[in-house]
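Below: the structure, in structure tokens.
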Amino acid sequence: MGLADESNNQPQTPTNGGSENISASTLSSLLASKDRDYLLPSTTEADQVKISDLEGKVIGIYFSANWYPPCRNFNRVLIGVYEQLKSNGSNLEIVFVSSDEDLDAFNSYRRSMPWLSIPFSDLETKKALNRKYEVESIPCLVILQPDDTKDDATFYDGVELVYRYGIDAFPFTKEKLEELQREEKRKHDSQTVTNLLTNPERDYLVDQTITRKVPVDSLIGKTVGLYLSAQWCLPCVEFTPKLISIYQKIKQSLEEKGGEDFEIVFVTNDRDQSSFESYFGTMPWLALPFGDTTVRSLAKYFDVQWIPCLIIIGPDGKTVTKQGRNLINLYQENAYPFTDAKVESLEKEMEEATKSLPRSEYHAGHRHELTLVSQGSGGGPFICCDCDEQGSGWAYQCLECGYEVHPRCIRALTPKDSGIEL
């Protein structure tokens, strides 16, 4: 659930959002209609705001909808950033472009927003903005710069930038973003498990007793998983028992071999102390204390937008992967130590194993014939329809309806047993 490639920490050029220089003379043509030269204020008591009043400001055109959970999640983050920037006197304004299904939903959603809006009834302007900025998914935040004198306008995804940098992204110029990227690279280059998990007030983690303090330095030289999760998040609650089982198998294997160690640190997104303690009580590893400022800084540092998320830190303190959850789902305990070399070896093993598999099967959970496909022959990342876990590479796929299962999840039937008439 929302709070995504770890090989590249730079913001990517998006297909549905950006930063564009815009002249004051074109502002009206973007946001006004033939019958309207104003925007709706944040409250019904306030006066309408003339579009001309936005001249000279950095403008975020915000495409969103009340019915879509990722929009509501991002909306809370954006409100916090917007209010901080406005309190600092920043010349930022945001204009909401609704994708809500009716006027009541629009009004309900708008009441939570401290910024301006295109009227719900102005379908033509909303459609024109969606077309102009090629909005393919929401939430989407397009940043318009007031200065149109530069020729090297660079496009960025405003949603990603707000999630990653918060108020530090302002004013969303190319120069500012390059500065942030340099600082981000410096932090990652000097990253250690100690500077990731400590702050000036705390140099310890807690165990299940909550009161016993475990020094962060005890993790130095270990492979460490940072597990961002929360009890209110259903996918988290479903993944946690699996992670516990895999964790215990990895620990047992390492103890038998000797020389290496693996630990997990719970980074809570729970909403209160009691929820944190209840959820953490089911886990056999360590945790950051509830309410610790490091929790938020880690989510921002690793650009975590969805939970559950398992970030793997190597024995040298550097990030191995942010895709620990996916690797656990794909390879279980065999994923350890989660390195590129290990993943490449597992992929080769999978390639060899599939050579002996039937090219097609009938599966007890589906009525159509399933065909074995790879990423190069119509497959790719998928969610297994049998176990609800992520898959990648090889799958048995229904070419009629798109049903997909892991090869390991196949419960083979004969065509007669499946009820298929040949």
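Summary of values
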read-out: Close pairs from segment 364-382: first more than 12 Å from residue 410 (Cβ to Cβ) and open to solvent by 20 Å² or more (accessible area, probe 1.4 Å), partner at pLDDT below 85 and assigned to a helix (DSSP H, G or I), Cβ under 7 Å, at least 6 apart; value: 367/418
read-out: Total residues in segment 53-78, condition part of a helix (DSSP H, G or I) and either open to solvent by less than 70 Å² (accessible area, probe 1.4 Å) or in contact with a helix residue (DSSP H, G or I) (Cβ under 6 Å, 6 or more places away or on another chain) (or both); value: 9
read-out: Of all residues making up segment 287-311, the number that are closer than 18 Å to residue 184 by Cα and either in contact with a strand residue (DSSP E or B) (Cβ under 7 Å, 6 or more places away or on another chain) or not hydroxyl-bearing (Ser, Thr, Tyr) (or both); value: 11
read-out: Among the residues listed as 196, 205, the single one being surrounded by 15 or more Cβ atoms within 10 Å (Cβ to Cβ) and in a strand (DSSP E or B); value: 205
read-out: Top-ranked residue of segment 388-413 - restricted to ones that are open to solvent by less than 70 Å² (accessible area, probe 1.4 Å) and at pLDDT below 80, ranked as farthest from residue 331 (Cα to Cα); value: 413
read-out: Which listed residue, of 245, 275, 253, 297, is more than 23 Å from the chain's Cα centre (by Cα) and farther than 20 Å from residue 341 by Cβ; value: 245
read-out: Residues being modelled with pLDDT of 85 or more, among the hydroxyl-bearing types (Ser, Thr, Tyr) and open to solvent by 90 Å² or more (accessible area, probe 1.4 Å) - total across segment 343-363; value: 0
read-out: Subset of segment 252-268 that is out of contact with any helix residue (DSSP H, G or I) (no Cβ under 9 Å at 6 or more places or on another chain) and of a type in the set (Asp, Glu) - its residue that is modelled with the highest pLDDT; value: 255
read-out: Residue ID - most open to solvent (accessible area, probe 1.4 Å), chosen from residues in segment 277-306 that are touching a helix residue (DSSP H, G or I) at 6+ places or on another chain (Cβ under 6 Å) and under 17 Å from residue 164 (Cα atoms); value: 305
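The values are calculated or read from the model by the stated rules, or taken from the named source; none is laboratory data. From a predicted model like this one, the values you see are computed outputs, not experimental measurements. A quick note on method: Cβ atoms are made from the backbone with ideal geometry, for glycine too, and the neighbour counts reach across all protein chains shown. Keep in mind that these areas ignore ligands, DNA and RNA; they rest on the heavy atoms of the full protein, side chains included. Shrake-Rupley method; radii C 1.70, N 1.55, O 1.52, S 1.80 Å.
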